[in-house]
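Presented below is the structure to which this report refers.
The values are calculated or read from the model by the stated rules, or taken from the named source; none is laboratory data. Worth saying up front: this structure is predicted, and the values here are computed from it rather than measured. Cβ placement follows ideal geometry from the backbone for every residue including glycine, while neighbour counts extend to all protein chains displayed. Note: accessible area is taken over every heavy atom of the protein model, side chains too, but ligands, DNA and RNA are not part of it. Shrake-Rupley method; radii C 1.70, N 1.55, O 1.52, S 1.80 Å.
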Amino acid sequence: MTRLAPMFDFAERRRRLDELLEQEGLDALFLGVSSDLEYLTGLERNIPTFGNVSYAHGWVAGAFFRPGKEPTFLLPRMFAEFDLPHGAPGELVVVNETDDGRSMFDKVAKSLGDVNNLAIGSRLWGETVINLIRVFGSPRLLNAEPLVNRLRRVKSKDELEVMTRACRIVDETMGAVTSHVKPGVTMHELVEHVEHEMRARGSRAPSFTTHIFSMGMADERESIDDRGGLPLREGESVLFDFGAVLEGYCSDFGRTIFCGEPTAEYRRAHQAMIDAQAAGQAASRPGVTAAEVNRACRGPIEEAGYGPYFRHRMGHCIGMDVHERPFISEEDQTPLEVGMTFTDEPSIMWHGKVGVRIENIVVCEEKGGRKLNSYPVDLVAAG
């Protein structure tokens, strides 16, 4: 169901977009149905599916933006009929099955006037891009994703409030699921418990594929698909990685539960992770680059001797998408800004020996990062 969230000032977001379009010398912008379009207009995306959902003239779906003008939406009838119960947040052209979709698309596009420099969504259908090039006579194309990301990466007070509630959903879900971790349970069963508990607490959908797997025994079962259906044994750890969606915003969360009495190695590795997470959070100050924050997070893990098994990065920014830029990773030189939200998710994955992970969402503030999660980070023993 499409819902236009009233708490966000979409007009102000579009005003800031207009400034960027003019700064970049862009005549127009076309976005498909996406997180960027939802951010700018409130037009809610559908929940993704494994296979493609297609409609007649589906390639037209999206909206044209021009500086100083309200967006014009083109949508196939099936989308407008069933996924737009509250109407479009702007002028809407509905393309019926028997319409000439190409002619209608051309008419709206040409109403913009001369377009020599065009920004487009990075995940448009190839057919859409082909028709945009045709109708505008091979304009200079620019990827719109980095452009809109400059608006999205710093979160407002209202956005942080929603994300904090999305984090509360996963915190409470972890508390509800912990008692199910015992010898004999399968990872598939734990996934079902997690997704049920998130839905019961108001999550629209998982923010990404729920990952729950076991590690730590010498005969470790490598295939996630295979081991997902196998019973948990004492001496294995269970690594949780899941997220909720609330009002268009994502959370991303991780914890480790040990089945049985944790070994000294597990306790040492888990403490190194706690230290790493705290170091990354403390380093998350404005002006510090993402790469420097990642390096601070890696430090305690390398000092403890687990460097080769930190196979991940510290994290990634998060908001309306579960993975957003900048990445908190060694290659990213973006300076942090107050209000950026990102994951702090160090992990140690030593196959056949140790598997531990912790993940919280952090917001950058003047004196360092602040967690949006409240669930304890301690290593839990179960079973």
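Efficiency by 1/(1 + (r/R0)^6): what FRET value for ALA11 and GLU91, r their Cβ-Cβ distance, R0 = 22 Å, to the nearest 0.05?
0.90
Taking every alpha carbon pair in region 1-149, what does the distance histogram look like in 10 angstrom bins from 0, in percent?
The calculated distribution, bin by bin, is 11, 44, 36, 8, 0.
List the lysines whose alpha-carbon lies under 29 Å from that of LYS353, not counting same-chain residues fewer than 8 positions away?
Leaving aside lysines fewer than 8 places away in the same chain, those within reach of LYS353 are LYS182.
Across region 111-126, in residue order, what do the Karplus-derived ³J(HN,Hα) couplings come to in whole Hz, using 6.51 cos²θ - 1.76 cosθ + 1.60 with θ = phi - 60° and x for Gly and Pro?
Those phi angles translate into 5, 6, x, 5, 10, 9, 10, 10, 8, 10, x, 6, 10, 5, 4, x Hz.
May I ask you to compute the full-extension gain from GLU19 to VAL53, defined as 0.36 nm times their residue separation minus their alpha-carbon distance, rounded to one decimal in nm? Before the final figure, lay out each step's value.
Values: separation 34, 0.36 × 34 = 12.24 nm, distance 3.49 nm.
My answer for the length gained is 8.8 nm.
Would you mind getting me the FRET efficiency between GLU265 and SER179? Use the beta-carbon distance for r and R0 = 25 Å, nearest 0.05.
On the way: r = 25 Å, r/R0 = 1.02.
Calculated transfer efficiency: 0.45.
List the pair-distance distribution P(r) of region 18-103, using every Cα-Cα distance, as the percent of pairs falling in each 10 Å bin from 0 up to the bin containing the longest distance, rounded to whole percents.
For region 18-103, the pair-distance distribution reads 16, 48, 28, 8, 0.
Using mean Cβ contacts within 10 Å as the protection proxy, how do 191-198, 238-245, 264-271 order, highest first?
Details: 191-198: 19.8, 238-245: 25.1, 264-271: 17.1.
Packing order, densest peptide first, comes out as 238-245, 191-198, 264-271.
Name the lysines eligible as straight-distance cross-link partners of LYS110: C-alpha to C-alpha under 20 Å, and not fewer than 8 places from it in the same chain.
LYS69
Give me the percent of DSSP beta bridges within the chain that run antiparallel, rounded to the nearest 5.
Looking only at bridges with both residues in the chain, the antiparallel portion is about 70 percent.
So, in nm, how far is label ALA200 from label ARG45 when the simple model puts each one 7 Å beyond its Cα toward the Cβ?
2.8
For region 368-382, in order, what is each residue's ³J(HN,Hα) by Karplus, 6.51 cos²θ - 1.76 cosθ + 1.60 with θ = phi - 60°, in whole Hz (x at glycine and Pro)?
Ordered by residue, 3J(HN,Hα) equals x, x, 10, 6, 8, 8, 10, 5, x, 9, 4, 6, 9, 9, 9 Hz.
Please list the radius of gyration and Dmax for region 334-383, considering alpha-carbon atoms only, with Å as the unit.
For region 334-383, the Cα radius of gyration and maximum Cα-Cα distance read 14.3, 44 Å.
Cα-based Rg of region 228-305 per 2.2 N^0.38 Å, rounded to two decimals?
On the way: Rg = 16.0 Å, N = 78, 2.2 N^0.38 = 11.5 Å.
Taking N as the residue count of region 228-305, the ratio is 1.39.
Rolling a 1.4 angstrom probe over the protein heavy atoms, how many square angstrom per residue are accessible across the chain?
Value returned for the chain: 44 Å² of accessible area per residue.
By accessible area of protein heavy atoms, probe 1.4 Å, what ranking do ARG153, ARG140 get, highest first? Could you put the intermediate results ahead of the total?
On the way: ARG153 40, ARG140 110 Å².
From most exposed to least exposed: ARG140, ARG153.
With the contact rule set at Cα under 8 Å and sequence spacing of 6 or more, what percent relative contact order holds for the chain? Intermediate results must be reported in sequence, preceding the final value.
Numbers: 807 pairs, mean separation 55.2, N = 383.
Value for the chain: 14 percent.
In whole percent, how big is the carbon plus sulfur part of the accessible area of the chain, probe 1.4 Å, protein atoms only? Display every interim value, and only then the final one.
On the way: 8480 of 16750 Å².
For the chain, the apolar C and S fraction of the accessible surface comes to 51 percent.
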